[in-house]
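The values are calculated or read from the model by the stated rules, or taken from the named source; none is laboratory data. Every value quoted in this text rests on a predicted model; they were computed, and no experiment measured them. We place every Cβ from the backbone using ideal geometry, glycine too, and count neighbours over all the protein chains shown. Keep in mind that these areas ignore ligands, DNA and RNA; they rest on the heavy atoms of the full protein, side chains included. Shrake-Rupley method; radii C 1.70, N 1.55, O 1.52, S 1.80 Å.
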Amino acid sequence: MSHSPLRPDLALIAAEVPHGARILDIGCGDGTLMAALRDSKAADVRGLEIDAANVAAAMERGLAVVQGDADRDLADYPDDSFDFAILSQTLQTSQRPDRILDQLLRIAPRAFVSFPNFAHWRVRLALLWGGRMPVTRLLPIAWYETPNIHHVTVSDFRELVAAKNIAVEGAWYLNGDRPTSAAAASWRAEHAIFQIARG
Amino acid sequence: MATRTRDVQHNSLSLERPLTLDSGAVLERPVIAFERYGPLNEARDNVILICHALTMDQYVASTHPVTGKPGWWSKVVRPGGVVDTDRYHVICANVIGSCLGSSGPASLDPATGSAFGMNFPVVTIGDMVRAQAILLDELGIGQLHAVIGGSMGGMQALCWAAHYPDRVDRALIIASAARHSAQNIAFHEVGRQAIMADPDWQGGDYYASGRVPVKGLSVARMAAHITYLSEAGLTAKFGRQLQDRETKTFGFDADFQVESYLRHQGISFVDRFDANSYLYITRAMDYFDLAEPHGGRLAEAFRDSPVRFGLVSFDSDWLYPTSESRRIVQALHAACAQASFVELSSPFGHDAFLLDSPEMWRLMAGFIEAGR
């Protein structure tokens with residue numbers, strides 16, 4: 001089976017996942033990452049996705065995906081039912097990102113969380129010079145119709161996990177598809193990926 | 001009229017093994033009527049069992065012998081179709097308790113030589129599935145590539161997965177539930193009471209009398225039919241339009257189109273269905289609760305299940321609403337089973353699963369083909 005190349009943040013997560021892991025991909029879209037994990041890592045992978053058309057597309061690929069809403073439906077999963085939970089580009093769309101993090105680490109001992117960094121210099125400049133909510137490559141939708149209701153920055157996220165006593169086991173920062181350093185991440189990362197674990 | 005179903009020949013098998021029912025009663029040599037389509041391959045691993053809904057039958061893809069109409073899922077089950085009969089061997093069995101060739105209240109009781117009527121033992125969804133399993137045994141079929149069903153057929157598919165997890169590779173459950181809700185039972189009770197209130201019902205002993213409870217069965221069907229539709233669908237189709245007239249009659253004729261539609265549904269139903277069978281099958285559905293033997297914990301019914309589950313609901317279905325499918329999905333997750341679920345959008349209510357639904361068909365095809 002051939003795959004189109006994974007989005008850089010997904011490729012990074014896929015590379016980190018151990019062989020044969022049990023994984024829940026939250027906000028799995030049409031199952032691109034799930035299929036890659038199944039085929040390259042023999043992972044036992046399940047998905048949760050809010051959009052019916054995406055769920056159907058994933059089902060057609062033979063993936064086990066359930067239509068649902070991360071804010072409400074994560075509560076249905078038993079404790080420790082997975083080795084990893086993955087939340088890619090979904091945190092900023094949730095009603096209560098802090099509670100979602102609790103759920104991730106209840107369902108699995110470890111999780112990957114990726115999100116667009118709202119403190120990227122382009123965003124800062126757009127706000128500073130334009131005085132308007134930025135529309136960028138990773139945040140392409142105007143403020144009134146965006147699903148991103150809780151914009152988050154790298155610093156915000158670091159602070160939240162520290163306050164919640166969540167361990168950060170890894171962090172990757174991407175500018176386009178290139179890595180950037182942790183020190184420069186706040187300004188330069190378009191995208192951040194964290195591997196977190198119960199504290 | 002309603003006895004027409006008894007005069008038709010159906011393909012059937014008289015099972016060699018007795019069937020012990022959940023009630024404790026035993027059917028010595030139950031007859032199961034069934035239809036088969038497509039080639040059975042040498043490995044016998046290309047079998048798909050389709051379970052039918054309450055008032056459907058085994059004629060899923062072939063002409064109905066009484067009505068002359070095409071099979072109820074003939075657009076789905078056909079050569080090159082969503083369920084491709086060029087490649088799969090499809091079996092659809094008439095449930096036990098029904099009236100199209102399987103043992104039911106209209107069958108002859110060997111003890112008396114006349115129809116069982118209400119002496120036929122009460123059956124359950126589990127009994128229906130057990131009878132199907134024996135049928136497959138006798139046909140030499142051990143494994144099912146897939147079991148598929150909508151509504152009551154979905155209940156059977158769930159039962160198959162719960163009771164014979166090692167015989168089922170995947171189960172597709174459409175617009176169904178793991179238990180009958182109080183509302184479901186309530187509507188069924190209305191139908192049963194309509195039948196039993198008909199003087200022609202005669203305590204269920206009407207087969208030899210030449211009179212059948214046409215009115216009662218027809219009312220039961222009308223009431224049930226409303227539950228298969230949605231308000232939006234009914235409004236779109238009929239609104240308050242009058243039937244073949246300009247003004248209201250100020251009487252009780254079928255002034256409104258929706259009235260004459262329902263009357264037609266009721267009347268045409270009595271030609272192809274036996275009133276007692278309607279009582280027995282609705283009862284079987286009412287008794288259905290997969291969680292009950294597990295202290296109410298549905299997940300226990302699917303613990304360590306190797307079956308792949310797919311569930312589909314329709315957003316306008318208020319008879320088997322999405323919440324019931326979600327309950328099953330939650331239980332499957334809790335049991336760590338492989339489950340997919342999607343709610344499709346349709347204005348047609350519960351009936352949506354029988355109508356043209358390219359979205360559902362794509363899903364079904366993907367689910368059946370995945371990993372083949």
Checked against (1) in contact with a Phe, Trp or Tyr (Cβ under 6 Å, 6 or more places away or on another chain); (2) open to solvent by 20 Å² or more (accessible area, probe 1.4 Å), A:Ala192 satisfies every condition except (2)
Quick one: how many residues across region A:28-71 are open to solvent by 10 Å² or more (accessible area, probe 1.4 Å), closer than 21 Å to B:Glu324 by Cα and either touching a residue at least 40 places away in the same chain (Cβ under 8 Å) or within 10 Å of chain B (Cβ to nearest Cβ) (or both)? 8
Looking at this structure, is B:Arg263 out of contact with any His (no Cβ under 7 Å at 6 or more places or on another chain), within 14 Å of chain A (Cβ to nearest Cβ), at negative phi and not in a loop (DSSP other than H, G, I, E, B)? no
From A:Pro134, A:Pro140, which residue is surrounded by 15 or more Cβ atoms within 10 Å (Cβ to Cβ) and not in a helix (DSSP H, G or I)? A:Pro134
Return yes or no: is B:His264 open to solvent by 10 Å² or more (accessible area, probe 1.4 Å) and under 30 Å from B:Ala194 (Cβ atoms)? yes
Within region B:186-201, count every residue that is open to solvent by less than 60 Å² (accessible area, probe 1.4 Å), outside any loop (DSSP other than H, G, I, E, B) and under 20 Å from B:Pro105 (Cβ atoms). 7
Only one residue in B:Gly216, B:Gly239, B:Gly251 is within 18 Å of B:Glu189 (Cβ to Cβ) and either open to solvent by less than 90 Å² (accessible area, probe 1.4 Å) or more than 22 Å from the chain's Cα centre (by Cα) (or both). Which one? B:Gly216
Return the residue satisfying two criteria in turn: it lies in region A:72-90 and is outside any loop (DSSP other than H, G, I, E, B), in contact (Cβ under 8 Å) with a residue 60 or more places away in the chain and not small (Gly, Ala, Ser), and of such residues it is most open to solvent (accessible area, probe 1.4 Å). A:Phe84
Of B:Ala301, B:Ala284, which residue is among the aliphatic types (A, V, I, L, M), over 18 Å from the mean Cα position of the chain (by Cα) and outside any loop (DSSP other than H, G, I, E, B)? B:Ala301
For B:Leu311: the one exception among (1) surrounded by 24 or more Cβ atoms within 10 Å (Cβ to Cβ); (2) more than 14 Å from chain A (Cβ to nearest Cβ): (2)
Looking only at residues that are facing chain A (nearest Cβ under 7 Å) and in a loop (DSSP other than H, G, I, E, B) in region B:362-372, which one is modelled with the lowest pLDDT? B:Gly371
Search region A:143-168 for residues being in a loop (DSSP other than H, G, I, E, B) and among the hydrophobic types (A, V, I, L, M, F, W, C), and hand back the single one that is farthest from A:Arg122 (Cα to Cα). A:Ile166
When residues of region B:327-361 are limited to those that are in contact (Cβ under 8 Å) with a residue 40 or more places away in the chain and within 11 Å of chain A (Cβ to nearest Cβ), the one nearest to A:Tyr77 (Cα to Cα): B:Ala331
